[in-house]
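Asks: Encoded as structure tokens, here's the structure I'll be asking about.
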Number of protein chains: 2
Amino acid sequence: MKLKIIPVKTKNNSYYINIGFKIFNLENIFSPLKSGDRCVLVTNITISKIWKEKIVKYFLKNKIILEEFILSDGENYKTLNSVNLLLTYLLEKLHDRNSILIAFGGGVIGDLTGFVASIYQRGIRFIQIPTTLLSQVDAAIGGKTGVNHILGKNMIGTFWQPNAVITDINFLSTLPYKQLISGIAEVIKYAISFDYVFFQWLENNIKQILSLNTEVLIYCIQKCCELKSKIVNLDEREYGFRVFLNLGHTYGHAIEAHFKYLKWLHGEAISIGIVMAIKTSEILGILSSFDATRMINLIKNFGLPTVAPKDMNVQSYLKYMIRDKKSYSGKIQLVVPIKIGKLKILKNVNQDIIFSVIKKCII
Amino acid sequence: MKLKIIPVKTKNNSYYINIGFKIFNLENIFSPLKSGDRCVLVTNITISKIWKEKIVKYFLKNKIILEEFILSDGENYKTLNSVNLLLTYLLEKLHDRNSILIAFGGGVIGDLTGFVASIYQRGIRFIQIPTTLLSQVDAAIGGKTGVNHILGKNMIGTFWQPNAVITDINFLSTLPYKQLISGIAEVIKYAISFDYVFFQWLENNIKQILSLNTEVLIYCIQKCCELKSKIVNLDEREYGFRVFLNLGHTYGHAIEAHFKYLKWLHGEAISIGIVMAIKTSEILGILSSFDATRMINLIKNFGLPTVAPKDMNVQSYLKYMIRDKKSYSGKIQLVVPIKIGKLKILKNVNQDIIFSVIKKCII
Ligand SMILES: NC(=O)c1ccc[n+]([C@@H]2O[C@H](COP(=O)([O-])OP(=O)(O)OC[C@H]3O[C@@H](n4cnc5c(N)ncnc54)[C@H](O)[C@@H]3O)[C@@H](O)[C@H]2O)c1
Ligand SMILES: NC(=O)c1ccc[n+]([C@@H]2O[C@H](COP(=O)([O-])OP(=O)(O)OC[C@H]3O[C@@H](n4cnc5c(N)ncnc54)[C@H](O)[C@@H]3O)[C@@H](O)[C@H]2O)c1
Ligand SMILES: [Zn+2]
Ligand SMILES: [Zn+2]
């Protein structure tokens, strides 16, 4: 059985990311859990139905007390209201500071559970068991937690590190294809942003990834976790370096938000956002057309969208881009690739440039 | 003009506590604020009416942009619902991560504002301007933030340090006497817990404190801030040392909670709680009767309650005491004085002892 373990050091904490296939059959995978611990599995209906039994065994065998809290499925339940429901549950069941939350699901469950863990009695432990590719390579790593507000996505949250991440690629076998592809957008993001060799490797492993080849997938996820952890370690609280994780996200968030998070999956929107960042760099003469084309081809070859939605005008982008958490007093800040594997921050991008990039991408 | 400045170092942050009289006439008191900064004064109706003009001048003079967000007055507004109102306000006004919240009020405002600061866009800066004695000596110091839940007080919160604390004893001139006395309970707590000399000093300065003598008050508050900061510095996240700040609070919280936070002010309940902790120690033969009497006399001489409420039975105490955040798997943990200026942790206090202590205190 393949098992990769990545140690992660953060300011107040250090923990392990375990990556493997059917790893819940292994011993001692949940390093911080011990016999007698009280845990609450936070999950949604979809995931619970398919996968709960598989992991419950592990808890039983290790005499860890496991309760379950089930949320409705969907991004529109990542709200302060759901937070309140979970908090109320924890108080009703008299959970104290020693209880441990287990986020069992995709990024929605992970973000919400992490947030609740960070504010319940001023902070309790939690473990991430990400079940989507997106959460395995991104959302479960780095300690960003949060929920949405009607006026903005992820506007409420904290930085709160998990005490372990347990990633089993077996979960991906039941993940809708569209969701899998969505996760790949983040994978490509890492490659374009930080690692030429990984980019090349992706070009050569498209089929294997899409067919969930065990060895290839484990390597792919491991690589992403390492790249992300390195950046997070330099800048846990997003004062600087961490903006380098945002390739495609300023444009992408605008698309997601404009369609009220209903039409485009995160990865799909980010995929288009990455293309826009690439084009921005190209128009400004920073990125060569050769590299730009090669990047966009990789995105296309994975089946991800590269064309901007036709039913969203350029003005709509700006509205959201100015409100971005990373924007600074009305100026639009963007990270763009300067070549494959290397990024640059543009502190104040001219709105005309953004207009022409978006127009180019609509065709 | 007297101004005392206490530097505070925390894990991720360091800041100053400024203590003085009419200090808003001074320059550079708000160290982290600079011209052009966007601030939101979070306060309540009562405080805004009396004091807002006094501090607004400072902001105007220093060209700091100041908006105001007014909450209803009272502990029953320290809720997730108020949090949501403030978050919505911040988003509506397009506040970004550079905005700064100013908590202008007592502990209710301070706790809530600090909590919102810690979760708005994953954390923004905030400044404490405590206007009650209790918040000047306690709530504004140490980085505990939070709100109440129907099922428990302060059950939702974070550790989030302010970027400055500005304490003006002038605010106390309009504070209801009952509220002033309530704050003194915490002052006495510090003295009994940590500092014999300070205890003696309190015995000799009761009149001066109650009549708000400037010099005496500034010294008193400074002393409390120093004592609290020292403990917090050793244990920001309440894993150990910080329990030493809880003298009287396990009993006290039970009283507050039983009467739904309506009948007893925090300091009043804590005052009775301290008496109960003293008696616990005395009954167990840890504390001498001489010291016990001297402590209780100081509490009495400040006009604080020392007798337990008659309309609360012993069973009701236990219900809350077991649910205490500091309790550990059903055992009741208490800090008790072993002499004036020194505490001891009792990890598992026998319920019979607690019963007889409470009975003794009802008479
Ligand atoms: N914290 C971070 O750093 C970070 C980073 C990126 C994204 N995010 C957040 O993550 C969220 C998106 O995460 P996501 O893409 O995982 O979406 P998601 O959590 O909504 O999961 C997508 C869908 O797949 C289902 N699902 C999950 N695992 C499954 C499985 N194994 N088999 C079958 N169905 C399964 C879910 O029930 C859901 O319907 C967004 O809210 C985004 O803001 C957070
Ligand atoms: N964070 C911590 O470490 C900590 C420590 C202790 C207490 N607390 C919290 O603090 C709260 C109690 O704080 P508090 O005692 O300051 O109560 P409070 O904030 O409710 O203030 C008491 C009353 O005095 C009024 N007031 C405040 N300043 C005034 C002034 N200068 N003139 C006239 N009226 C004024 C307020 O409007 C209110 O009606 C509780 O919620 C408690 O949980 C927190
Ligand atoms: Zn993303
Ligand atoms: Zn207190």
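Asks: Among the numbered criteria (1) over 25 Å from B:Phe115 (Cβ atoms); (2) within 14 Å of chain B (Cβ to nearest Cβ), which single criterion is violated by A:Ile166?
Replies: A:Ile166 satisfies all of (1) over 25 Å from B:Phe115 (Cβ atoms); (2) within 14 Å of chain B (Cβ to nearest Cβ) except (2).
Asks: Let me ask something additional. Hey, any hits in segment A:123-134 for a residue that's in contact (Cβ under 8 Å) with a residue 24 or more places away in the chain, closer than 30 Å to B:Asn154 by Cβ and within 16 Å of ligand 2 (Cβ to nearest atom)?
Replies: yes
Asks: Looking at the structure I just gave you, is A:Ala139 crowded, with 24+ Cβ neighbours inside 10 Å, within 10 Å of ligand 1 (Cβ to nearest atom) and either polar (S, T, N, Q) or at pLDDT 95 or above (or both)?
Replies: On the way: crowded, with 24+ Cβ neighbours inside 10 Å: yes; within 10 Å of ligand 1 (Cβ to nearest atom): yes; either polar (S, T, N, Q) or at pLDDT 95 or above (or both): yes.
Criteria met by A:Ala139.
Table: residues versus (1) in contact with a Leu (Cβ under 6 Å, 6 or more places away or on another chain); (2) at pLDDT 95 or above; (3) among the basic types (Lys, Arg).
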site: A:Ile322; (1), (2), (3): no, no, no
site: A:Lys325; (1), (2), (3): no, no, yes
site: A:Gly330; (1), (2), (3): no, no, no
site: A:Val335; (1), (2), (3): yes, yes, no
site: A:Lys339; (1), (2), (3): no, yes, yes
site: A:Lys342; (1), (2), (3): no, yes, yes
site: A:Leu346; (1), (2), (3): yes, yes, no
site: A:Asn350; (1), (2), (3): no, no, no
site: A:Val357; (1), (2), (3): no, yes, no
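Asks: Looking at segment A:87-115 only, could you name the residues that are among the hydrophobic types (A, V, I, L, M, F, W, C), away from every other protein chain (no Cβ under 11 Å) and in a helix (DSSP H, G or I)?
Replies: The answer is A:Val108, A:Ile109, A:Leu112.
Asks: Inside segment A:95-129, can you point out the residues that are within 19 Å of B:Arg237 (Cβ to Cβ) and within 11 Å of ligand 1 (Cβ to nearest atom)?
Replies: A:Gly114, A:Phe115
Asks: Just give me the residues in segment B:173-210 being of a type in the set (Ser, Thr, Tyr), more than 17 Å from B:Ala292 (Cβ to Cβ) and more than 16 Å from ligand 4 (Cβ to nearest atom), in sequence order.
Replies: Residues satisfying the conditions are B:Ser173, B:Thr174, B:Tyr177.
Asks: Then there is this: Kindly provide the set of residues from segment A:7-63 that are away from ligand 1 (no atom under 16 Å from the Cβ), among the hydroxyl-bearing types (Ser, Thr, Tyr) and within 19 Å of A:Glu226 (Cβ to Cβ), ordered by number.
Replies: Of everything in segment A:7-63, those that are away from ligand 1 (no atom under 16 Å from the Cβ), among the hydroxyl-bearing types (Ser, Thr, Tyr) and within 19 Å of A:Glu226 (Cβ to Cβ) turn out to be A:Ser14, A:Tyr16, A:Ser31.
Asks: Are there any helices (runs of 4 or more DSSP H) wholly within segment A:271-363 with 2 or more residues that are closer than 30 Å to A:Ser211 by Cα, and if so which?
Replies: Numbers: elements: A:289-301, A:314-322, A:351-362.
Because the criterion is at least 2 residues that are closer than 30 Å to A:Ser211 by Cα, the helices (runs of 4 or more DSSP H) in segment A:271-363 that meet it are A:289-301.
Asks: Something else about it: Any residue in segment A:84-106 that is farther than 30 Å from A:Asn170 by Cα and open to solvent by less than 10 Å² (accessible area, probe 1.4 Å) sitting within a Cβ distance under 7 Å of a residue that is modelled with pLDDT of 95 or more and within 15 Å of ligand 1 (Cβ to nearest atom)? List the pairs, counting only those 6 or more apart or interchain.
Replies: Within 7 Å, the pairs are A:Leu87/A:Val116.
Asks: Considering each of A:Glu256, A:Glu268 in turn, give the residue that is at pLDDT below 95 and either within 16 Å of ligand 3 (Cβ to nearest atom) or in a helix (DSSP H, G or I) (or both).
Replies: Answer to the check: A:Glu256.
Asks: Given (1) within 16 Å of ligand 3 (Cβ to nearest atom); (2) over 30 Å from A:Gln351 (Cα atoms); (3) in the same structural domain as A:Ile322 (by TED's automatic domain parsing), identify the lone condition not met by A:Leu247.
Replies: The single condition A:Leu247 does not satisfy is (2).
Asks: Taking segment B:228-249, which residues are hydroxyl-bearing (Ser, Thr, Tyr) and within 14 Å of chain A (Cβ to nearest Cβ)?
Replies: B:Tyr239
Asks: Go through segment A:142-153 and give me each residue that's of a type in the set (A, V, I, L, M) and either within 7 Å of ligand 1 (Cβ to nearest atom) or surrounded by fewer than 21 Cβ atoms within 10 Å (Cβ to Cβ) (or both). First the steps, then the outcome.
Replies: We begin by selecting, within segment A:142-153, every residue of a type in the set (A, V, I, L, M); these are A:147, A:150-151.
Scanning segment A:142-153 gives A:Ile150, A:Leu151.
Asks: May I ask you to verify whether A:Lys207 is surrounded by fewer than 19 Cβ atoms within 10 Å (Cβ to Cβ) and either in contact (Cβ under 8 Å) with a residue 24 or more places away in the chain or more than 14 Å from every other protein chain (Cβ to nearest Cβ) (or both)? It would help to see each step written out before you state the result.
Replies: On the way: surrounded by fewer than 19 Cβ atoms within 10 Å (Cβ to Cβ): yes; either in contact (Cβ under 8 Å) with a residue 24 or more places away in the chain or more than 14 Å from every other protein chain (Cβ to nearest Cβ) (or both): yes.
Here the answer is yes, as A:Lys207 does meet what is asked.
Asks: Please determine whether any residue of segment A:284-297 is away from ligand 1 (no atom under 14 Å from the Cβ), of a type in the set (Phe, Trp, Tyr) and at pLDDT below 95.
Replies: Looking for residues that are away from ligand 1 (no atom under 14 Å from the Cβ), of a type in the set (Phe, Trp, Tyr) and at pLDDT below 95, one finds none in segment A:284-297, hence no.
Asks: Taking B:Tyr177 as the residue in question, decide whether it is away from ligand 1 (no atom under 16 Å from the Cβ), of a type in the set (Phe, Trp, Tyr) and touching a residue at least 40 places away in the same chain (Cβ under 8 Å).
Replies: It is false that B:Tyr177 is away from ligand 1 (no atom under 16 Å from the Cβ), of a type in the set (Phe, Trp, Tyr) and touching a residue at least 40 places away in the same chain (Cβ under 8 Å).
Asks: Residues of segment B:250-259 being open to solvent by less than 20 Å² (accessible area, probe 1.4 Å) and in contact (Cβ under 8 Å) with a residue 40 or more places away in the chain, which ones?
Replies: B:Thr250, B:Tyr251, B:Ala254, B:Ile255, B:Glu256, B:Ala257
Quick grid of which residues meet (1) farther than 20 Å from A:Asn301 by Cα; (2) buried (at least 21 other Cβ atoms within 10 Å of the Cβ); (3) of a type in the set (Val, Ile, Thr):
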residue	(1), (2), (3)
A:Ile184	no, yes, yes
A:Phe198	no, yes, no
A:Glu203	no, no, no
A:Ile218	yes, no, yes
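Asks: Name, by its number, the condition in (1) of a type outside the set (Phe, Trp, Tyr); (2) within 14 Å of chain B (Cβ to nearest Cβ); (3) more than 12 Å from ligand 3 (Cβ to nearest atom); (4) surrounded by fewer than 22 Cβ atoms within 10 Å (Cβ to Cβ) that does not hold for A:Ile156.
Replies: Against the list (1) of a type outside the set (Phe, Trp, Tyr); (2) within 14 Å of chain B (Cβ to nearest Cβ); (3) more than 12 Å from ligand 3 (Cβ to nearest atom); (4) surrounded by fewer than 22 Cβ atoms within 10 Å (Cβ to Cβ), A:Ile156 comes up short only on (4).
Asks: Another question, if that's okay. Just for segment B:116-130: of the residues that are in a helix (DSSP H, G or I) and over 17 Å from B:Thr10 (Cβ atoms), which one is nearest to ligand 3 (Cβ to nearest atom)?
Replies: B:Ile119
Asks: From the list B:Leu262, B:Leu343, B:Leu284, which residue is surrounded by 19 or more Cβ atoms within 10 Å (Cβ to Cβ), away from every other protein chain (no Cβ under 14 Å) and more than 16 Å from ligand 3 (Cβ to nearest atom)? Quick ask: steps written out before the conclusion?
Replies: Working: B:Leu262 fails: surrounded by 19 or more Cβ atoms within 10 Å (Cβ to Cβ); B:Leu284 fails: surrounded by 19 or more Cβ atoms within 10 Å (Cβ to Cβ).
B:Leu343 is the lone residue from the list that is surrounded by 19 or more Cβ atoms within 10 Å (Cβ to Cβ), away from every other protein chain (no Cβ under 14 Å) and more than 16 Å from ligand 3 (Cβ to nearest atom).
Asks: Test of understanding: among B:Ala164, B:Ala191, which residue is touching a strand residue (DSSP E or B) at 6+ places or on another chain (Cβ under 8 Å), small (Gly, Ala, Ser) and under 29 Å from B:Lys22 (Cβ atoms)?
Replies: Every option except B:Ala164 fails the conditions.
The values are calculated or read from the model by the stated rules, or taken from the named source; none is laboratory data. Only a predicted model underlies this, so the values are computations on that prediction, with no experimental measurement involved. With ideal geometry, Cβ positions are generated from the backbone for all residues, glycine too; neighbour counts draw on all protein chains shown. When the accessible area is computed, the model is the full protein with side chains, heavy atoms only, and any ligands, DNA or RNA have been set aside. Shrake-Rupley method; radii C 1.70, N 1.55, O 1.52, S 1.80 Å.
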